[in-house]
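Visitor: My questions all concern the structure below.
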Amino acid sequence: MTDELPPIPPHPLPVSARAPGKCILFGEHAVVHGAPELVVAIDLHTQVLVGPSSVTSLNHDPDATAKNPYFREGLARAWPDGPPIEVRAVSRIPRAAGLGSSAAFAAAFAAALGAARGGLGRPELAQRSFEIERGAQGVGSAGDTTAVVGGGYLAVNGGDGPVLWTVAGADRRWTVRRVADPKWSWVVCHSGIPRATGPAVRAVGARLARPDGPTLLAEFDRVARDGIRAVGAGDRPAVAELMRRNQELLREVGVSHPRLEALIAAAEPAAEAAKLTGAGAGGSIVALPRPGREADLVRRLARAGGLAFVVRAEPNGAALVDAPPSP
Ligand code: PMV
């Protein structure tokens, strides 16, 4: 295995780390069942600051361990038997939007705690961040946490070139490879309808267990494989065509939503294609803007009632933030 990004170096408390959000371009849901996925880390971040304290708290809440499963899992897996810590977290990633806010928190928190415990390699950070998210959520793939740990464009269970790392779950493993960055901007638009990953993943699992499930999964697989190749080659017409096909499949397995369909329709004149991104049934869409039409696309989506913004790939994954201020 290669490890192209630097490890998380050792750093005593107080320590600050950050991780980007993510956007799934192809293969959400199917990745849970072993199909490929293409994810891109986006330039919105969650940052955590961890310092010594007499009582463990998150954003000044000493009951956060009971209330917040991501915080609880993070402490259990990355800080077992550690002394009390004060944690502050700030995020520019909209929550419950399918843009990786929980994965970014898991990875930034695990990176900070890993630094305080002598540093850790990126494959270990990917595995630990996945376990935190999976422990908190109960279901899901390693795609989100891998995206925010690795940065840039990453193929999970697909692509070619050297394997960066593999992440092991109880029931399967996910392999991760780098995909060349085509240097495009994307427009992401939150519908305002919160989505819940767990129920959506379970519903799709039930749908794929029906007799036509294997055929559908094979088509998800093909679309994501071709999508990974097309993005890596910078082939916009092919990417647009495959995004439309991926959206049809997501509709077929029941995770679109009338609001998402309305946003996709509103994007049409200024976008080469658009699809839902993440768990769906609410959450966000991602659109490939026609060249030079980003602002027009954002305006159209805002008029249609969405919260739209332009994102670019964030090449660096989770990392320590230099010179953290004292807590
Ligand atoms: O939680 P979201 O909206 O980012 O969705 C994650 C993508 C799924 O494939 C639906 C689940 C998963 O863990 O891969």
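The values are calculated or read from the model by the stated rules, or taken from the named source; none is laboratory data. Just so we're clear, the structure is a prediction, and the values are computed from it rather than from any experiment. All Cβ positions, glycine included, derive from the backbone under ideal geometry; neighbour counts span all protein chains shown. Accessible surface areas use protein heavy atoms only, side chains included; no ligands, DNA or RNA. Shrake-Rupley method; radii C 1.70, N 1.55, O 1.52, S 1.80 Å.
Visitor: Below 8 Å, C-alpha to C-alpha, sequence gap of six or more: please give me the relative contact order for region 185-312 in percent.
Guide: Averaging sequence separation for qualifying contacts and normalising by length gives 41 percent for region 185-312.
Visitor: Taking every pair of distinct Cα atoms and averaging 1/r, then inverting, what Kirkwood hydrodynamic radius in Å comes out for the chain?
Guide: For the chain, the Kirkwood estimate is 19.6 Å.
Visitor: Order of 170-178, 21-29, 105-113 by packing, highest average Cβ count within 10 Å first?
Guide: The peptides rank, most packed first, as 105-113, 21-29, 170-178.
Visitor: Once amide H atoms are built 1.01 Å from N in the peptide plane, which residues 5 or more positions from GLY158, or in another chain, come under 5 Å H to H?
Guide: Those qualifying (amide H under 5 Å, at least 5 residues apart or on another chain) are GLU37, ARG177.
Visitor: While we're here: Whole-Hz ³J(HN,Hα) for each residue in region 86-102, computed from phi via Karplus 6.51 cos²θ - 1.76 cosθ + 1.60 with θ = phi - 60°, x for glycine and proline: what do you get?
Guide: 3J(HN,Hα) across region 86-102, in whole Hz: 9, 10, 10, 10, 10, 9, 9, 8, x, 7, 6, 10, x, 10, x, 5, 6.
Visitor: Given labels modelled 7 Å from the Cα in the Cβ direction, how far is it in nm from ASP160 to ARG95?
Guide: 4.4 nm
Visitor: Please report the spacing between the Cα centers of region 171-192 and region 1-76 in Å, no decimals.
Guide: 17 Å
Visitor: How high is the relative contact order of the chain? Use alpha-carbon pairs under 8 Å, at least six apart in sequence, and give a whole percent.
Guide: Dividing the mean separation by the residue count of the chain yields 26 percent.
Visitor: Right, another one. Can you list residues from other chains, or at least 5 along the same chain, whose modelled amide H is less than 5 Å from the amide H of VAL321?
Guide: Result for VAL321 returns SER16, ALA17, ARG18.
Visitor: Compute for region 185-312: radius of gyration divided by Kirkwood radius, i.e. Rg/Rh, restricted to C-alpha atoms, rounded to two decimals.
Guide: 0.98
Visitor: Follow-up question, since we're still on this one. Please compute the net charge surrounding HIS257, taking Lys and Arg as +1 and Asp and Glu as -1 over other residues with Cβ under 11 Å from its Cβ.
Guide: Residues near HIS257 contribute +2 overall.
Visitor: Could you check how much of the accessible area of region 83-125 is carbon and sulfur, as a whole percent, using a 1.4 Å probe?
Guide: 51 percent
Visitor: Turning to a different aspect of this structure: Regarding region 11-71, what are the three Cα extents along the principal axes, ordered largest first, in Å?
Guide: Projected onto its principal axes, the Cα set of region 11-71 covers 46, 25, 18 Å.
Visitor: At a threshold of 8 angstrom on Cα-Cα distance, excluding pairs fewer than six apart, so keeping six or more, what relative contact order does region 113-228 reach in percent?
Guide: 22 percent
Visitor: Going highest first, how would you order 309-316, 38-45, 243-250 by mean Cβ packing within 10 Å?
Guide: Peptide ranking by packing, descending: 38-45, 243-250, 309-316.
Visitor: Sort 130-136, 140-146 by the packing proxy (mean of other Cβ within 10 Å over each peptide's residues), most packed first.
Guide: Taking the mean over residues of other Cβ atoms within 10 Å, the ranking is 140-146, 130-136.
Visitor: Shifting gears a bit: With angles folded into 0 to 90 degrees, how steeply does helix 213-233 sit against the dominant principal axis of the chain? Use alpha carbons for both and round to 10.
Guide: So the inclination is approximately 80 degrees.
Visitor: If amide H atoms are built 1.01 Å from N in the plane of the peptide, which residues on other chains or at least 5 residues away come under 5 Å of the amide H of ILE193?
Guide: Hits under the 5 Å cutoff: GLY283.
Visitor: Top mean-square fluctuation among ILE193, ILE228, ILE93, Gaussian network model of the chain, C-alpha springs under 10 Å?
Guide: ILE193
Visitor: Hey, what angle do you get for helix 69-78 against the long axis of the chain, alpha-carbon based, 0 to 90 degrees rounded to 10?
Guide: Long axis of 69-78 versus the principal axis of the chain: about 60 degrees.
Visitor: Compute the acute angle (0 to 90°) between the alpha-carbon long axis of helix 236-252 and the principal axis of greatest extent of the alpha-carbon atoms of the chain; round to the nearest 10°.
Guide: For helix 236-252, the angle is close to 80 degrees.
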